[in-house]
Structures are given as structure tokens and as C-alpha cells.
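Visitor: Right, I'll just put the structure down here and ask away after.
No lab work stands behind these numbers, since they all come straight from the coordinates. Everything quoted here is computed from the prediction, not taken from an experiment. Please note: Cβ atoms are built from the backbone with ideal geometry, for glycine as well, and neighbour counts cover all protein chains shown.
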Amino acid sequence: MLKAQKKLSKKEMKEDRLVTSYFQATSWYEQNKKLVSSVATGVILVVVVAVVVFNNLRSNNEKATSELGKVMRLYDERRFDLAINGNPQENVRGLQAVVDDYGSTKAGELATFYLANAYYGQGNYDKALEYFQEVDVEDPMLASSALAGAAASYEAKADHANAADYFERAAYKDPRGVLAAEHMMHAAQNYTNAGQKEKAVDLYKRLKREYPTSPYVREIDRYIAEASS
């Protein structure tokens, strides 16, 4: 409020107006000092809560990182059931528990990606799709891989239209990535299988134009001809 009164008290104002404004401000404060005190207290509480939340997030991310490090051995060994559910005998919590407890942290997001992969490895495509779609990361390569994982899950369920859409999104999410051309190829093939041949032809042509050195363009003209027929 003091800043607002300074705007009213410019040097060119008459003295009587300055005095009037001062008493108006004093009167307002006396009538509303409880409100002012409450607002100030509220601001302090917001700051305190923000600090607590930040510290908790950092602590939870460290815990998630530690838990993820323990379970990755099981994942790398393709022991997907234990990777998902954990191994109490070795004091290893599963990816599902890590995601449930720390999914909102950076390490938790990475755990979500591996959890989706583990479910895919089990052949549980509905669960894989659920968690691939929950992955929310800034890294374009990992984000693209999650979209491709969702696409592969749709493909395994014979939902070629959605598989094509997700493979295409995966290609555009990381257009300079080493798998971009592959994702675009899979998208075009699924569009063909879904009966959307015009979209397939368009993607084949873009693949040929944007990734001319890719091995996927060696027989691209044949694919275009087949999709055009």
C-alpha cells in the first residue's frame, strides 16, 4: 500500500491533497490492519511451503535414484517380474513401487519409462501403454522412445491407426535422433495396415526426402508404389 500512496504524492500535487491522502491511508490501515497482517502472514507461509516442497522433492529424487539403481540389475537381466515387483530377499524394491512413491521426481519419471518397458517385455501391452503414456521428460530422445514404446504397444494390440500416430509423433519428437527414420518407417507401415494409404505415401516420401542416407530408403519406391495401388 505504501507504494500506491507514493504514486499519489507527486511533487506537483498541492500540499492539502498530500495531507488528505496521508490521512486517508492512515485511516484505511487502521480499519484493515488485521487483513494486512493476514496477507503478510500468508506470503510468509507460501514461501515456507515452497521451501519445504523443494526440499522434499530433492530428497525424494535422491531416494528414487537410489532405489532405481538397485533394481536396474534385475531389469538388465530381463527378469521383468522381479524388476516390476521387487525382490524382498535382496532388499530391492520394484519399479512399480518406485513409480508409485516417487513418480513425480526426475528419477521417478525414468523409472516410469523402465516400468513400461518391463511390462512390454512381459507381453502386458495394456500396462505398458499406460505407463509409456505417463512418461513426462524433457530429454527428446527419451521422450521419443516413450512415444515409440506406446506405438509398439498399440501395434502389438493390432491397433494400427494409433500405432502409426504414435510412431509418427516419435519421429518428430527427436527428428535428428538415430531412430527417427525407423520410427517414420514404422508409422508409414502402420498407416498402410490401417488402410490410410495416403498418409503412408506421404510419410514414405518424407522419409526419402528427409533421411536420404537411411537404409530404410533403399526400397522406398517399392513401398510407395504398393501403398499407392
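Visitor: Which of LEU203, PHE167, PHE113 sits farthest toward the positive end of the charge dipole of region 93-214, with +1 on the Cβ of Lys and Arg and -1 on the Cβ of Asp and Glu?
Guide: Farthest towards the positive end: LEU203.
Visitor: About the Cα centre of region 138-229, what is the dipole size in debye to 20, counting +1 per Lys and Arg Cβ and -1 per Asp and Glu Cβ, all else neutral?
Guide: 240
Visitor: Anything over 32 Å Cα to Cα? Flag those among LYS70/LYS173; LYS106/LYS208; LYS127/LYS208; LYS157/LYS199, in the order listed.
Guide: Check vs 32 Å cut-off fails for LYS106/LYS208; LYS127/LYS208.
Visitor: Rounded if a/c is under 1.5, else prolate if a/b beats b/c, else oblate: with a ≥ b ≥ c from the C-alpha gyration tensor eigenvalues square-rooted, which is region 138-229?
Guide: oblate
Visitor: Still on this structure: Exposure proxy check: SER144, SER66, SER153 ranked by fewest other beta carbons within 10 Å?
Guide: Starting with the residue having the fewest Cβ neighbours, the order is SER66, SER144, SER153.
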